[in-house]
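The values are calculated or read from the model by the stated rules, or taken from the named source; none is laboratory data. Just so it is clear, the model here is predicted, and its values are computed rather than measured. Here Cβ is always computed from backbone atoms with ideal geometry, including for glycine, and neighbour counts include all displayed protein chains. Keep in mind that these areas ignore ligands, DNA and RNA; they rest on the heavy atoms of the full protein, side chains included. Shrake-Rupley method; radii C 1.70, N 1.55, O 1.52, S 1.80 Å.
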Amino acid sequence: MSDLPKSVEIHEEGPREGFQIEPGPISTADKIRLIEGLAETGLKHIQVCSFVNPKLVPGWADAEDVVAGFTPRPGVHYTALWFNARGLERALTFKDKLTINGSISLSASDAFSRKNLNRSHDDNVAAMHKQTEVHQAHGVPVNRISVMAAFGCNFQGDVAVETVLKCAEDGFRIAADHGETIKVISLADTMGWAVPPRIERVVGAVRERWPDVTIALHLHDTRGIAIANAHTALKMGVARFDTTVGGLGGCPFAAHKGAAGNICTEELVMLCEEMGIATGVDLDKLIEVGRMAEAMVGHTLPSELVHAGSLNAFRAAIA
């Protein structure tokens, strides 16, 4: 375990990822309450909303109201998601509250790209060139490549490591063509195909190819293996993860109704702390926010810690 990081950077996506997929309406006030509750736990990166077409993602029809409504906590970076120029323009309206960086988003599965964006891989490469130009026109840096379906796809099956590398290479070429420097490669297990050996192969190959670029993981817990995948990645030195409190969310375009969302924030925090890896997060406060989220959505969330609690109370009682 010599490659274990001393600390991890957790990017909480519960509000954005979770409320985009919930079938029942979540009030603007509840969304704001969850965002502010998460900021009180010690989390430093919170994705608060999606600036997307409300006809496609009705759960974020109130994105402007949510961002306008929450009170930012000093030292916390609040981000949002968008897919086109209109979404970016909406986000830039709140540049005083949001940290705004551009991303080159590609899919290692051509089938998923067509399903998710109605574009082939080549079409998406062309679109990312245009999107990078739009970001630059607005003075927004583009420093991240996101590779969706990096570990497998419900529509295409297993994805070869070489395909992931080629996809990332396309992203680097786009950045280079526009004079941008990539600092982060995010590998997304969009549909829950990852297992520890696959994590080892893909992360290892990407790290070997681009040793100076930070690797981030976006792990879904579709088949209950996300925490095992995170453990494997931690042992390889990965120190940046996207998570969702309580396990909120899931990809609405993955054709997997009822599947769990991202790796639970509180479960990753507990794993890291038990391994001696600092998170800066108050686990018990975070569990309480997970319970708040569960009450908001009105159904049981995947997180076991939300229901069982941490070990802290038991340790205190024994002591």
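Data table
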{"quantity": "Test: residue in segment 222-238 that is in contact (Cβ under 8 Å) with a residue 12 or more places away in the chain, of a type in the set (D, E, K, R) and in contact with a strand residue (DSSP E or B) (Cβ under 8 Å, 6 or more places away or on another chain)", "calculated": "no"}
{"quantity": "Considering residues of segment 154-193 that are among the small types (Gly, Ala, Ser) and open to solvent by 20 Å² or more (accessible area, probe 1.4 Å) only, the residue farthest from ALA137 (Cα to Cα)", "calculated": "ALA160"}
{"quantity": "Every residue from segment 56-84 that is in a loop (DSSP other than H, G, I, E, B) and open to solvent by less than 80 Å² (accessible area, probe 1.4 Å)", "calculated": "VAL57, ALA61, ASP62, PHE70, PRO72, GLY75, VAL76"}
{"quantity": "Selected residue (only one of ILE215, ILE227 is under 16 Å from the mean Cα position of the chain (by Cα), over 28 Å from GLY309 (Cα atoms) and modelled with pLDDT of 95 or more)", "calculated": "ILE215"}
{"quantity": "Failed item, numbered, when LYS115 is tested on (1) within 20 Å of the chain's Cα centre (by Cα); (2) surrounded by fewer than 21 Cβ atoms within 10 Å (Cβ to Cβ); (3) outside any helix (DSSP H, G or I); (4) of a type outside the set (Val, Ile, Thr)", "calculated": "(3)"}
{"quantity": "Selection within segment 149-164 - under 17 Å from GLY204 (Cα atoms) and either touching a residue at least 40 places away in the same chain (Cβ under 8 Å) or among the hydrophobic types (A, V, I, L, M, F, W, C) (or both)", "calculated": "ALA149, ALA150, PHE151, GLY152, VAL159, ALA160, VAL161, THR163, VAL164"}
{"quantity": "Cross-chain or 6+ apart pairs with Cβ under 6 Å, segment 78-90 first and within 20 Å of ALA126 (Cα to Cα) and of a type outside the set (Val, Ile, Thr), then surrounded by fewer than 20 Cβ atoms within 10 Å (Cβ to Cβ) and modelled with pLDDT of 95 or more", "calculated": "ALA85/VAL134"}
{"quantity": "Residues of segment 290-319 that turn out to be over 16 Å from GLY249 (Cβ atoms), open to solvent by 30 Å² or more (accessible area, probe 1.4 Å) and not hydrophobic (A, V, I, L, M, F, W, C), as a count", "calculated": "5"}
{"quantity": "Members of segment 268-278 that are buried (at least 22 other Cβ atoms within 10 Å of the Cβ) and not aliphatic (A, V, I, L, M)", "calculated": "CYS272"}
{"quantity": "Some residue of segment 124-143 being touching a helix residue (DSSP H, G or I) at 6+ places or on another chain (Cβ under 9 Å), closer than 25 Å to ARG198 by Cβ and either open to solvent by 40 Å² or more (accessible area, probe 1.4 Å) or part of a helix (DSSP H, G or I) (or both)", "calculated": "yes"}
{"quantity": "Of all residues making up segment 28-55, the number that are at pLDDT below 95 and open to solvent by 20 Å² or more (accessible area, probe 1.4 Å)", "calculated": "3"}
{"quantity": "Test result for LEU34, under 23 Å from ASP284 (Cβ atoms) and assigned to a loop (DSSP other than H, G, I, E, B)", "calculated": "no"}
{"quantity": "Matching residues, segment 194-211, being free of Cβ contacts under 8 Å to residues at least 40 places away in the same chain and either over 21 Å from the mean Cα position of the chain (by Cα) or crowded, with 21+ Cβ neighbours inside 10 Å (or both)", "calculated": "PRO197, VAL203, GLU208, PRO211"}
